[in-house]
Structures are given as C-alpha cells and as structure tokens.
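Engineer: This is the structure I have questions about; it appears just below.
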Amino acid sequence: WMFFPLVLQDDTVTRATLIQFLEEHQIETRYMLPLLNQPVYKKLFGDLEPEYPVAARLNQRAFYIGCHAGMTDEEVDHILDCFHTFFRKHA
C-alpha cells in the first residue's frame, strides 16, 4: 500500500483547495495521472482528453493520499478528521 485514490464528486470543491488543506495538515498527496496525460502518449497521439471524458475528469478531479501498511489508528483518525473539517467548512 502506497497511495489511496480519491475522486472528488462535488464540483463546488476544487482539487487544488482540498490538496492544499491536506498538505498543510501533513497529509501527503499526489495527482492521479491517467495514461492520456503521459508525455509519450501526448507526443504520439496528441490531446486525447476529448475522446476519453472519464480519464479527462480523473485528470481534473482525482488524486491520491499517501498511506502504508503500518499506519496507526491515530494516523488514520487524523486523516479522517481533516477530511471532516475541510468538508464542514466547504459544505
């Protein structure tokens, strides 16, 4: 276990805002990058996003939070608390 994937469903919340909040609370994040985003695919095939709307949405709305098999209950609780705090403020 290295990353836990998440996809924002609420279009009123930006991924950048949530990621900034999580990072400020010491929760590691990474963008999820669909294959059509990889430089080699862009070079070979050009902009494929219009043809693959699900991948395009993931490109804009998806990300990972860092995790590992040795996470403590306290670490998981911290992550959950941060999500609850963020969404209470942005609801």
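The values are calculated or read from the model by the stated rules, or taken from the named source; none is laboratory data. This is a predicted model, so every value here is computed, not measured. Cβ coordinates were reconstructed from backbone atoms using ideal geometry, including for glycine residues, and neighbour counts include every protein chain displayed. Areas reflect the complete protein model, heavy atoms only, side chains present, ligands, DNA and RNA absent. Shrake-Rupley method; radii C 1.70, N 1.55, O 1.52, S 1.80 Å.
Engineer: Please specify each residue of the stretch 24-46 satisfying the condition of being under 17 Å from H90 (Cα atoms) and free of Cβ contacts under 8 Å to residues at least 12 places away in the same chain. Talk me through it step by step, then tell me what you get.
Structural biologist: Filtering the stretch 24-46 down to residues under 17 Å from H90 (Cα atoms) leaves 24-25.
Residue satisfying the conditions is E24 alone.
Engineer: Give the residues of the stretch 1-29 that are open to solvent by 100 Å² or more (accessible area, probe 1.4 Å), over 15 Å from V76 (Cα atoms) and modelled with pLDDT of 95 or more, sorted by residue number. Break it down stepwise before answering.
Structural biologist: Step one: of the stretch 1-29, the residues open to solvent by 100 Å² or more (accessible area, probe 1.4 Å) are 1-2, 4, 9, 11-12, 20, 24, 26.
From what is left, the residues that are over 15 Å from V76 (Cα atoms) are 9, 11-12, 20, 24.
Those that are open to solvent by 100 Å² or more (accessible area, probe 1.4 Å), over 15 Å from V76 (Cα atoms) and modelled with pLDDT of 95 or more: Q20, E24.
Engineer: For the stretch 47-76, what are the residues that are farther than 25 Å from D11 by Cβ, without any contact (Cβ under 8 Å) to a residue 12 or more places away in the chain and surrounded by fewer than 10 Cβ atoms within 10 Å (Cβ to Cβ)?
Structural biologist: G70, T72, D73, E74
Engineer: How about the stretch 53-72: which of its residues are under 12 Å from A16 (Cα atoms) and among the basic types (K, R)?
Structural biologist: R61
Engineer: Look through the stretch 50-76, keep the residues that are touching a Phe, Trp or Tyr at 6+ places or on another chain (Cβ under 8 Å) and of a type in the set (A, V, I, L, M), and return whichever of them is farthest from Q38 (Cα to Cα).
Structural biologist: Only one residue fits best here, namely A69.
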